[in-house]
Amino acid sequence: MNWDAPRKCRFCKTTFRPKRPQDSEQRFCCPEHRAAFNAGSRLKITAVLRAEFQETLLALEKRIAALEKVLDLGNSTDVTLRSGKTQ
């Protein structure tokens, strides 16, 4: 492909041509669109990570609740450690 071949901006989808040969890999029509596209990507990644974190946290809370039920920590004020000492 020629360096100045028309291409579509990944942000606004308008057709543009790079102005310089060193910009042959250019994918955005202007710096503002590149920044906006990357900011949107960060927001999407953040949302996915937040959802995964919430899911993991919920699973851990369920496991803790199950352990508390098995150990019956709700009714006892003393916790016996493995060494046999009482706190």
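FYI, it's all coordinate maths here, none of it is from the lab. Everything numeric here is computed off the predicted structure, so don't read it as measured data. Don't worry about glycine lacking a Cβ; one is built from the backbone with ideal geometry, like all the others, and counts go over all protein chains shown.
Taking the Cα centre of the range 7-71 as the origin and placing charges on Cβ (Lys, Arg +1; Asp, Glu -1), which of Gly40, Gln22, Leu57 is farthest toward the positive end of the dipole?
Among Gly40, Gln22, Leu57, the one farthest towards the positive end of the dipole of the range 7-71 is Gln22.
Charges at C-beta only: +1 for Lys and Arg, -1 for Asp and Glu. How large is the resulting dipole of the range 7-71 about its Cα centre, in Debye rounded to 20?
560 debye
At what distance in nm do the modelled label points of Thr14 and Ile45 sit from each other, each positioned 7 Å from its Cα along Cα→Cβ?
2.8 nm
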